[in-house]
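Scroll down for the structure; my scribbles are underneath it.
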Amino acid sequence: MKVWITGSKGMLGQDLRALAGHDFEVFESDREVDITDELAVSAYLSKNKPNLIINCAAYTAVDQAETETELNYKLNALGPKVLGECSAKANIGIVHISTDYVLSGNPPDPLTEEAPLNPINAYGKAKAEGEVLLAKANPNHWIIRTAWLYGINGKNFVKAMLNLMRTKEQISVVKDQLGNPTWTCDLATAILKIAKNPKNPGIYHFSNEGIASWHDFAKEIQKQALEKKLLEKMIPVLPIASSEWKSLAKRPLWSAMDKTKIMKNFEVQVPVWQNSLSKYLGLEK
Ligand SMILES: NC(=O)c1ccc[n+]([C@@H]2O[C@H](COP(=O)([O-])OP(=O)(O)OC[C@H]3O[C@@H](n4cnc5c(N)ncnc54)[C@H](OP(=O)(O)O)[C@@H]3O)[C@@H](O)[C@H]2O)c1
């Protein structure tokens, strides 16, 4: 089976392409095949004839998206539309990665796939529109919403925290946004499970198990990094409210996701976030 991974040089794309090689003939592209260019996408499909597209290409700068509105919309809304239309014409399925930021709910229940779209920032709005356009263009779709990703091949919260914890005397981290920290390797494994047996198209949630605030996440990073001797000293990690953190984009206070559907349909494992963080930190230098 041939899969085409778009955005293959991104944080998720790199882990996915490494793992996909075990079971699939992998075709990969990044910016050189612009996912918003219908001719380029069609030509790639005609030439390589993959059986499935896995779209990891996106615009992921959540704060910048508030001002780079055109690029955000182009990549996150029109890109999935083009890929949806072209894959439908080629009569193949598409796995597309979306985000918890298309949702915003209230505790205590994790959000299911049936929760109404409720994005509160420009990135979430464009990703939500991308989901709708893709689903309309190709019924043979698996839209996987995920959250708070970190991976060895990209800029992410874990790397940022380790860097700050090595260079600052103390740091402040937001305590009132709750979600699911998620390791890209666990997500890639879940995606490939779907790719191996693509059935029951629709929307699926995947993130690691367990709910944390960014502050909880930072404290756990510090604890584990000290144990693994990635940090030499402990510094205070102070909790603050979102209102005290100046950022361009608003972020949902509650975006924890329910994973029952993907577990039932694809027998996907959902590792606990602290365990996955430990595995990830084993790769960090
Ligand atoms: N990161 C997170 O915390 C997070 C959370 C929830 C959901 N997600 C979703 O997960 C997916 C993967 O995220 P990620 O963090 O791995 O993203 P990423 O590291 O930003 O990777 C996206 C890749 O797409 C490439 N790209 C940009 N414009 C393109 C174009 N026109 N055509 C083709 N490729 C293009 C990017 O290249 P450049 O780097 O050169 O721009 C980059 O290599 C995305 O759909 C994202 O929305 C991410």
**Q.** Qualifying residue in region 100-107 (condition: free of Cβ contacts under 8 Å to residues at least 40 places away in the same chain, within 15 Å of the ligand (Cβ to nearest atom) and either over 17 Å from the mean Cα position of the chain (by Cα) or closer than 20 Å to residue 246 by Cα (or both))
**A.** no
Of 159, 125, the only residue that is more than 23 Å from residue 253 (Cβ to Cβ) and within 14 Å of the ligand (Cβ to nearest atom) is 159
So the helices (runs of 4 or more DSSP H) completely within region 128-231 holding 2 or more residues that are surrounded by fewer than 18 Cβ atoms within 10 Å (Cβ to Cβ), in contact (Cβ under 8 Å) with a residue 40 or more places away in the chain and not aliphatic (A, V, I, L, M) are 157-167, 184-196
Checked region 240-273 for anything open to solvent by less than 60 Å² (accessible area, probe 1.4 Å) and farther than 22 Å from residue 105 by Cα; matches are 265, 266, 268, 271
The condition from (1) open to solvent by less than 30 Å² (accessible area, probe 1.4 Å); (2) without any contact (Cβ under 8 Å) to a residue 12 or more places away in the chain; (3) of a type in the set (D, E, K, R) that residue 114 misses is numbered (1)
| task | May I ask you to verify whether residue 182 is at pLDDT 95 or above, near the ligand (Cβ under 10 Å from one of its atoms) and among the hydroxyl-bearing types (Ser, Thr, Tyr)? | result | yes
Note: among 109, 100, just one is open to solvent by less than 50 Å² (accessible area, probe 1.4 Å), among the acidic types (Asp, Glu) and closer than 29 Å to residue 212 by Cα, namely 100
The one condition residue 235 fails out of (1) free of Cβ contacts under 8 Å to residues at least 24 places away in the same chain; (2) in contact with a Leu (Cβ under 9 Å, 6 or more places away or on another chain) is (1)
Within region 146-194, residues in contact with an Asp or Glu (Cβ under 8 Å, 6 or more places away or on another chain), over 15 Å from residue 100 (Cα atoms) and among the hydroxyl-bearing types (Ser, Thr, Tyr) come out as 172
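The values are calculated or read from the model by the stated rules, or taken from the named source; none is laboratory data. Just so it is clear, the structure is predicted and the values come from calculations on it, not from any experiment. Ideal geometry is used to build each Cβ from the backbone, glycine not excepted, and the neighbour counts take in all protein chains shown. Just so you know, the surface numbers come from the protein's heavy atoms only, side chains and all, with ligands and any DNA or RNA stripped out. Shrake-Rupley method; radii C 1.70, N 1.55, O 1.52, S 1.80 Å.
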